[in-house]
Amino acid sequence: REQHIAFLGLGNMGGPMAANLVQAGYRVTGFDPMPPAQEAARATGVAVVGTMVEAVQEADVVLTMLPSGRHLLEAYLGQARPDDGAAASAPEGTEGAPQGLLAVARPGTVFLDCSTIDVAESRRAAELAIAAGHRSVDAPVSGGVVGAEAGTLTFMVGGDEADVAAVADLLDVMGRRTVHCGGHGNGQAAKVCNNMLLGISMLGTVEAFVLGEQLGLDHQALFDVLSTSSGQCWSVTTNCPVPGPVPGSPANRDYQPGFASQLMLKDLTLAERALADTGVQAQLGPAAAAIYRQWVEDGGAGKDFSGIIEQLRERSAGG
Ligand code: NAD
């Protein structure tokens with residue numbers, strides 16, 4: 001493989017994605033400020049370096065898998081965070097200069113961001129990359145850690161046709177499907193719409209099952225109807241919030257994720273921001289965000305997002 005990849009953010013998702021690129025024969029140089037992530041990546045064959053700047057200097061593609069848009073913009077622009085090692089890496093005589101990645105990468109580098117971030121921040125990051133003489137593609141993913149490990153992610157992609165084509169082979173290694181959704185930020189836009197719908201559909205599914213329980217329906221009977229009727233959706237047929245009907249769903253293992261509630265809350269918070277930015281007068285997206293926010297505060301953060309059925313049962317007890 002000819003492309004040299006700088007991979008920034010070797011966490012739960014980035015670690016296995018980088019490992020798959022190494023397996024496929026790519027040269028991958030990685031950076032993450034957390035020692036456990038560094039060690040795990042090194043063990044899979046990633047050339048882990050001590051600074052972001054070092055990682056990108058010779059890269060053709062800078063792939064980011066970071067927690068938020070703030071992390072991304074700080075990496076691009078170089079308001080050096082104390083833990084990122086950038087200050088220490090500044091070449092002789094430039095210590096203290098803000099060494100953003102956009103300034104140190106070779107002209108024409110593809111900045112491929114796979115993190116889930118705010119649509120407006122994603123578009124801003126693309127503008128900055130292009131203004132600095134680079135290329136930009138946003139490609140958030142769905143499929144979770146299991147998909148990252150198996151190389152079966154779905155990428156929702158925004159950017160220019162030629163730039164998307166330049167990373168198509170890479171994406172094929174890490175995922176099974178790529179949907180090109182339009183210009184810069186449109187990948188993030190598709191992701192935020194999908195996950196807002198997912199949050200809402202899970203809450204609807206949970207309400208249907210708890211109402212069914214109170215009306216005397218057993219789980220299997222209600223599942224058999226929902227899964228073959230107009231209430232059918234992924235939250236029923238794949239991630240069913242009650243144990244039994246779908247043996248692989250997190251409900252069968254005490255709501256071990258799966259997709260943790262805190263990540264669902266992150267995505268619903270991005271949806272709230274997108275709704276506010278666009279002036280869309282939605283009611284269910286913000287309601288879903290408020291319900292998940294409460295559940296996360298009440299201790300549900302690390303449970304699968306289908307575990308929110310427990311909250312509704314508790315609230316309904318004695319009603
Ligand atoms: P994570 O917290 O496990 O990993 C993020 C990594 O980024 C951490 O190891 C952190 O140390 C590192 N990091 C922070 N600042 C950095 C910097 N400047 N340079 C390099 N590395 C830096 O999170 P994750 O679960 O891997 O998620 C990553 C992104 O993928 C998030 O945007 C998340 O919303 C998205 N996502 C996650 C899932 C999932 O199921 N976990 C699914 C889809 C999308």
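Phi-derived couplings, Karplus 6.51 cos²θ - 1.76 cosθ + 1.60 at θ = phi - 60°, listed residue by residue for the range 69-76: x, 4, 4, 5, 5, 5, 5, 5 Hz, with x used for Gly and Pro. Projecting the Cα atoms of MET196, SER229, THR154 onto the dipole axis of the range 97-251, where Lys and Arg carry +1 and Asp and Glu carry -1 at the beta carbon, places THR154 farthest toward the positive end. Ordering SER229, SER249, SER115 from the fewest to the most neighbouring beta carbons within 10 Å gives SER229, SER249, SER115. Indicate, rounded to the nearest 5 percent, the antiparallel portion of the DSSP beta bridges found entirely in the chain. DSSP beta bridges in the chain are roughly 15 percent antiparallel.
Rounded to the nearest 10 degrees, the angle from helix 284-295 to the longest Cα principal axis of the chain is 90 degrees.
For VAL48, the residues whose amide H sits under 5 Å from its own are GLY30, ignoring neighbours fewer than 5 places away on the same chain, with H placed 1.01 Å from N.
Rg then Dmax, both in Å and based on the Cα atoms of the range 190-316: 14.2, 44. In a GNM of the chain with a 10 Å cut-off on Cα contacts, which of THR154, THR238, THR228 has the highest mean-square fluctuation? Result for the chain, Cα springs under 10 Å: THR228 fluctuates most. Axis of helix 119-131 versus longest Cα principal axis of the chain: the two differ by about 10°, to the nearest ten degrees. Would you work out which of THR116, HIS4, VAL173 lies farthest towards the positive end of the dipole of the range 4-184? Charges go on Cβ: Lys and Arg +1, Asp and Glu -1. With unit charges placed on the Cβ atoms, the residue in question is VAL173.
The distance between label points at ALA162 and ARG176 comes to 3.4 nm (points 7 Å beyond Cα on the Cα→Cβ vector). Value of Rg to Rh for the chain, rounded to two decimals, is 1.02; Kirkwood radius and Rg both from alpha-carbon coordinates. The spacing between the range 22-66 and the range 267-319, judged by their C-alpha centroids, is 35 Å. Taking label points 7 Å from Cα along the Cα-to-Cβ direction, SER316 and ALA24 give a separation of 4.5 nm.
Could you rank the peptides 275-284, 306-315 by their average count of other C-beta atoms within 10 Å per residue, with the highest value first?
306-315, 275-284
With each label modelled as a point 7 angstrom along the Cα→C-beta vector, the THR278-THR152 pair spans 3.0 nm.
Only helical runs count toward this figure. For the chain, summing -39,500 (n - 2.57) over DSSP H runs of n ≥ 4 and dividing by all residues gives -14500 deg cm²/dmol at 222 nm.
Taken together, the values in this text are just the output of simple stated rules run on the coordinates, not laboratory data. No experiment lies behind these values; they were computed from the predicted model shown. So basically every Cβ, Gly included, is an ideal-geometry build from the backbone, and we count neighbours across all protein chains shown.
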